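Heads up: the structure comes next, in structure tokens.
The values are calculated or read from the model by the stated rules, or taken from the named source; none is laboratory data. Here the structure is a predicted model, which means the values were calculated and not measured. No Cβ is skipped: glycine too gets one built from the backbone with ideal geometry, and neighbour counts run over all protein chains shown.
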Amino acid sequence: MKRVLLLLGDSIRMGMQDKVAEALGPGWTVVGPEDNCGDTRRHLERLDAWTEGLHPDVVQINAGLHDLKVTPGTGAFQVPLAQYAANLPVIFARLRELAPQARLIWATTTPVVEERHQSSKRDFHRYNADIDRYNQTAAAAARAAGLEINDLHAAVTAAGIDDCICGDGVHMTDAGNDVLAAAVAHFIRKGS
């Protein structure tokens, strides 16, 4: 019988999901929402719907790139760090209720290439210093809730940010998605 991996996360997750399925092979079914899971507020709103009818063996979850969006001029975050820190334990507790049999994994937020991202004419910015702060906060919350931590940030950094991140400064190249898929598959296998 196939094991089920549920991936929850933003467009980075969406970009690697099919490659994760390929990397894990025929013994696994890899599923995830059709839509972008977005920030932690959206996770709180939609977690029940995203898990409905599923009985995953493993859940890997990430949120962060949308939370830490900064509005130029005001410096306001989409989800301020204190609110992000408060949202995560609620998400983790609800996920434990919805998938009590599942191994739960937190995936760190991947880096950005700031110059490319800021020049891409978005109405928000992202900064690696904020990614580091949000990742540290998330790691502490994940450890406190008993989740394992898959450091995808480190995987991308080790493989080479310029090779992994495409022209918009955020999303992965094909090679970057290969790096992430290999890291996820390796992490899943070593704990199974």
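Close contacts from segment 124-141, counting a first residue that is farther than 11 Å from residue 64 by Cα and a second that is modelled with pLDDT of 95 or more and loosely packed, with under 15 Cβ neighbours inside 10 Å, with Cβ to Cβ under 8 Å and a gap of 6+ residues or different chains, come to 141/89. Of the residues 26, 56, 33, the single one that is part of a loop (DSSP other than H, G, I, E, B), exposed (fewer than 15 other Cβ atoms within 10 Å of the Cβ) and not charged (D, E, K, R) is 26. Summed over segment 149-174, the residues that are exposed (fewer than 14 other Cβ atoms within 10 Å of the Cβ) and at positive phi give a count of 1.
The condition (being farther than 23 Å from residue 172 by Cα and outside any loop (DSSP other than H, G, I, E, B)) is satisfied by just one residue among 116, 94, 133, 42: 94. Just one of the listed residues (15, 53, 38, 75) is in contact (Cβ under 8 Å) with a residue 12 or more places away in the chain and on the phi > 0 side of the Ramachandran plot, namely 38. Scanning segment 175-192 for residues that are farther than 25 Å from residue 117 by Cβ, touching a residue at least 60 places away in the same chain (Cβ under 8 Å) and surrounded by fewer than 20 Cβ atoms within 10 Å (Cβ to Cβ) turns up 189, 191, 192. For segment 158-180, check the following and say yes or no: at least one residue is touching a Phe, Trp or Tyr at 6+ places or on another chain (Cβ under 9 Å) and modelled with pLDDT of 95 or more. There is no residue in segment 158-180 that is touching a Phe, Trp or Tyr at 6+ places or on another chain (Cβ under 9 Å) and modelled with pLDDT of 95 or more.
Residues in segment 59-74 that are more than 18 Å from the chain's Cα centre (by Cα) and not in a strand (DSSP E or B): 4 in all.
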